[in-house]
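Below you'll find the structure, written out as C-alpha cells, and then a few comments.
A short reminder: the numbers here are calculations on the coordinates, not readings from a lab. Please read all numbers here as calculations on a predicted model, not as lab measurements. Reconstructed Cβ throughout: ideal geometry from the backbone, glycine too, with neighbour counts over all protein chains shown.
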Amino acid sequence: MRDGRIVQDAPPRAIYDTPADDFVANFVGRANLIDGSTSGPDSVDTPLGRLATRPHGRATGSAVRLLVRPERIELARTAAGENVFAARAARDRFFGASRRVEATVGAARLEIETNARDTIEFVRIPRDAIQFLHHP
C-alpha cells in the first residue's frame, strides 16, 4: 500500500520475488536497484558492466530498472564466467551465521548477504536473480 492505494496484491512470496515496482521491492526487503539500458535481446548495460539477462523483449537502448536481492548475489573465486565482476568490500558486517557486505562493483555499490567467510574479490549475478521492474 502506498498513499492509501494498493500497489500489489499477491501472496508474500510473489511480492518478494516479483515486486510490481521499486517501492514494493524496498518495502518488503533489501533490494539492489540498478538502472541501465538494454544492449541486446538478453543483455543490459549497467554501472556494474554488461549483464546477461533472460530475454526481456525490450527494444535496444530502452531504459530499464533491475532488481537483484542481496542474498541472490554469489561470491566467485575467479573472474571467469557469466556476470562475474571484480568487487571490493567497502563495508563488511559479520553477524555470526551471515554477513552483510556493501561492495563496490564497477561504478556502483551492491549490498550482498552471504554466509561465506571468504575475502570478496569477485561476485556473480545469476541471470535468474535479475528481475525487471517498471522504469519510473
Could you check A80 against (1) under 17 Å from E121 (Cα atoms); (2) surrounded by 14 or more Cβ atoms within 10 Å (Cβ to Cβ) and say which number it fails?
(2)
Which condition breaks for A103 when tested against (1) surrounded by 14 or more Cβ atoms within 10 Å (Cβ to Cβ); (2) part of a loop (DSSP other than H, G, I, E, B)?
(2)
Of these, F27, F95, F85, F122, which one is more than 11 Å from the chain's Cα centre (by Cα) and within 30 Å of G4 (Cβ to Cβ)?
F27
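Between R88, R109, R77, which is among the basic types (K, R), free of Cβ contacts under 8 Å to residues at least 40 places away in the same chain and more than 20 Å from Q131 (Cβ to Cβ)?
On the way: R109 fails: more than 20 Å from Q131 (Cβ to Cβ); R77 fails: free of Cβ contacts under 8 Å to residues at least 40 places away in the same chain.
Testing whether each residue is among the basic types (K, R), free of Cβ contacts under 8 Å to residues at least 40 places away in the same chain and more than 20 Å from Q131 (Cβ to Cβ) leaves just R88.
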Condition met for R127 (among the basic types (K, R), touching a residue at least 40 places away in the same chain (Cβ under 8 Å) and more than 30 Å from D3 (Cα to Cα)):
yes
Going residue by residue through segment 9-29, is there one that turns out to be of a type in the set (V, I, T) and assigned to a strand (DSSP E or B)?
no
Set L51, L33: member being touching a strand residue (DSSP E or B) at 6+ places or on another chain (Cβ under 8 Å), surrounded by fewer than 15 Cβ atoms within 10 Å (Cβ to Cβ) and either part of a strand (DSSP E or B) or hydrophobic (A, V, I, L, M, F, W, C) (or both):
L33
Which pairs turn up if I take residues in segment 34-54 that are over 14 Å from R127 (Cβ atoms) and look for partners that are surrounded by fewer than 17 Cβ atoms within 10 Å (Cβ to Cβ) and of a type in the set (D, E) with beta carbon separation below 6 Å, at least 6 apart in sequence or on another chain?
G36/D45; S37/D45; S39/D45
Which number in (1) farther than 27 Å from A14 by Cβ; (2) in contact (Cβ under 8 Å) with a residue 12 or more places away in the chain marks the one condition that F95 misses?
(2)
